[in-house]
Amino acid sequence: MELKDTIRAIENYPKEGVIFRDITTLLKDKDAFKKSVDEMAAKIDEDVDKIIGIEARGFIFGAALAYKLNKGFIPVRKPGKLPWDKLSESYDLEYGQDSIEIHKDALEAGEKVVIVDDLLATGGTSKACLKLVRSLGGEVSSLLFLAELEGLKGRDVLKGEKVLSVIKY
């Protein structure tokens, strides 16, 4: 099974000229979902302490990976969703601007984490997450994505980091 074949492409969404990679078709296929989590898990260093999932689709893969690897899970969320003391970081996306937040007590200095999301596009969200983790004293082992849109050059924004992906478009 080719995982790429289980992801639906929606043209001109959310705006003209964008091809949205819809993973809901992969998620509903139990074999494709299992294979995607297994392939992502195989890329994670054993000495990682926690898995960070970026809202929203990063939660799906991040939580599954944390469970599979017996690691803690840290959600990084959109503004206003976390109830405790938090840090915030803004970033640009391919069609706007947003920010993400992490609880100040989400990890301890020196803990090693993997940042997980479903898709690497321009890299802005991931770079913001890197800044949040490092501001808490965390060490980023790698950034892991189910899919990568190579033409948007997100890797360039994350230059110097270990960036891993299962599927490339």
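The values are calculated or read from the model by the stated rules, or taken from the named source; none is laboratory data. All of these numbers come straight from a predicted model, not from anything done at the bench. Don't worry about glycine lacking a Cβ; one is built from the backbone with ideal geometry, like all the others, and counts go over all protein chains shown. To get the accessible areas, we keep the full protein, side chains included, count just its heavy atoms, and leave off ligands, DNA and RNA. Shrake-Rupley method; radii C 1.70, N 1.55, O 1.52, S 1.80 Å.
Kindly list the number of the only condition in (1) in contact with a Pro (Cβ under 7 Å, 6 or more places away or on another chain); (2) open to solvent by 50 Å² or more (accessible area, probe 1.4 Å) that fails for G53.
Condition not satisfied by G53: (2).
Which residues, counting only those in segment 108-124, are under 16 Å from the mean Cα position of the chain (by Cα) and either modelled with pLDDT of 95 or more or open to solvent by less than 30 Å² (accessible area, probe 1.4 Å) (or both)?
Passing the criteria: K112, V113, V114, I115, V116, D117, D118, L119, L120, A121, G123, G124.
Of all residues in segment 139-169, count the ones that are part of a loop (DSSP other than H, G, I, E, B) and free of Cβ contacts under 8 Å to residues at least 40 places away in the same chain.
6
Test I74 against the stated conditions and say whether it is in contact with a His (Cβ under 9 Å, 6 or more places away or on another chain), open to solvent by less than 50 Å² (accessible area, probe 1.4 Å), in contact (Cβ under 8 Å) with a residue 24 or more places away in the chain and not in a loop (DSSP other than H, G, I, E, B). Spell out how you get there, then give the answer.
Working: in contact with a His (Cβ under 9 Å, 6 or more places away or on another chain): yes; open to solvent by less than 50 Å² (accessible area, probe 1.4 Å): yes; in contact (Cβ under 8 Å) with a residue 24 or more places away in the chain: yes; not in a loop (DSSP other than H, G, I, E, B): yes.
Here the answer is yes, as I74 does meet what is asked.
Look at A66 and say whether it is of a type outside the set (S, T, N, Q) and open to solvent by 50 Å² or more (accessible area, probe 1.4 Å).
No.
For E89, state whether it is modelled with pLDDT under 95, surrounded by fewer than 23 Cβ atoms within 10 Å (Cβ to Cβ) and within 23 Å of K159 (Cβ to Cβ).
no
If we keep just the residues of segment 5-46 that are in a helix (DSSP H, G or I) and either of a type in the set (A, V, I, L, M) or farther than 21 Å from G62 by Cβ (or both), which is most open to solvent (accessible area, probe 1.4 Å)?
D5
Which condition breaks for K30 when tested against (1) under 19 Å from V166 (Cβ atoms); (2) in contact (Cβ under 8 Å) with a residue 12 or more places away in the chain?
Here K30 clears every test but (2).
Taking segment 91-105, which residues are free of Cβ contacts under 8 Å to residues at least 40 places away in the same chain and more than 16 Å from the chain's Cα centre (by Cα)?
Of everything in segment 91-105, those that are free of Cβ contacts under 8 Å to residues at least 40 places away in the same chain and more than 16 Å from the chain's Cα centre (by Cα) turn out to be G96, Q97, H103, K104, D105.
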